[in-house]
Amino acid sequence: MKNDQENEEFVIGRHPVVAALKSNNPVNKLFIQTGIKDDDNIVSEILKLAHKKRLVISKVPKQKLDKLSDNQNHQGVVLSIAAFRYASIDELFENAKKVGTAPFFVILDNIEDPHNLGSIIRTADAAGVTGVIIPKHRAVGLTATVAKTSAGAIERVPVARVTNLSATVKELKDRGMWIFGTDIAGTDYRKWDASGSVAVIIGNEGKGISPLLKKQVDEMLTIPMIGDIQSLNASVAASVLIYQGFNSRHPLGK
């Protein structure tokens, strides 16, 4: 969430604040609720990290934190940071090299709900995805809500924000990546072999993948459904596919 200054964001909630303080990203000021309880000792850890970074620590009433967090569940802690930094496509490839694996990217085609984006980034972190790509226009970016929903994963999974998804997909293919999409009709996702250099596109919550991107996909994947519901929430569909990617890249017994 941005405040009046365009170059500042707020991270809300205890675990996201810990993750932000442990990262190398610039942080500005810590707001702590007066009289806050510390039953889980996380507030003590936050204060220790804040002192280590020599941050200004301001004890304020709950009403102040409610305002800063736009009435979200801040758990008595709000951290003012520099605006979230986006990675470049090159940095996504470098991240894969750093962790010693073939690139595994998730491309999000106009995801609009910040909770969906945060959940996808959290799953991506858990399953070893080496980068997430989002479009600059008509889609949610990295916000305080995304950061909180990601439970701190936003600090560990590089996110690239690009002007043109179609041009980016072409670049990825030129760099040797196989591109997979999601659709009602396609190959059963359980047959997907995501070993090697791959990217999977998750479509918009209502419209799915745009027609132009569909034409660029090497193979479409589908998630079979036998109930009355014929579509899944975007973050749920992404989680299913990401973990199939994990399963094929990390088979049992190897």
Scan of the range 68-117 for residues that are in contact with an Asp or Glu (Cβ under 8 Å, 6 or more places away or on another chain) and not in a strand (DSSP E or B), ordered by number
74, 83, 84, 89, 111, 112, 113, 116
Just checking, which of 49, 65 is outside the structural domain of residue 245 (by TED's automatic domain parsing), without any contact (Cβ under 8 Å) to a residue 60 or more places away in the chain, touching a His at 6+ places or on another chain (Cβ under 7 Å) and in a helix (DSSP H, G or I)?
65
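A quick yes/no check of all residues on (1) under 19 Å from the mean Cα position of the chain (by Cα); (2) assigned by TED's automatic domain parsing to the domain that holds residue 140; (3) within 23 Å of residue 117 (Cα to Cα):
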site	(1), (2), (3)
166	no, yes, yes
203	yes, yes, yes
213	no, yes, yes
218	no, yes, no
Can you confirm whether residue 97 is among the basic types (Lys, Arg) and free of Cβ contacts under 8 Å to residues at least 24 places away in the same chain?
yes
Right, residue 111: β-branched (Val, Ile, Thr), within 23 Å of residue 173 (Cα to Cα) and at pLDDT 95 or above or not?
no
Quick one: would you say residue 97 is closer than 30 Å to residue 174 by Cβ and at pLDDT 85 or above?
yes
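The rows are residues; the columns are (1) under 30 Å from residue 83 (Cβ atoms); (2) surrounded by fewer than 16 Cβ atoms within 10 Å (Cβ to Cβ); (3) touching a strand residue (DSSP E or B) at 6+ places or on another chain (Cβ under 6 Å).
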| site | (1), (2), (3) |
| --- | --- |
| 151 | yes, no, no |
| 181 | no, no, yes |
| 189 | no, no, yes |
| 193 | no, yes, no |
| 210 | yes, no, no |
Residue 141 fails exactly one of (1) under 18 Å from residue 81 (Cβ atoms); (2) crowded, with 19+ Cβ neighbours inside 10 Å, namely (2)
So how many residues does the range 112-132 have that are in contact (Cβ under 8 Å) with a residue 60 or more places away in the chain, of a type outside the set (Gly, Ala, Ser), surrounded by fewer than 24 Cβ atoms within 10 Å (Cβ to Cβ) and in contact with a helix residue (DSSP H, G or I) (Cβ under 7 Å, 6 or more places away or on another chain)?
3
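The values are calculated or read from the model by the stated rules, or taken from the named source; none is laboratory data. Not measured: the values here are computed from a predicted model. Using ideal geometry, Cβ is built from the backbone for each residue, glycine included, and neighbour counts are taken over all protein chains shown.
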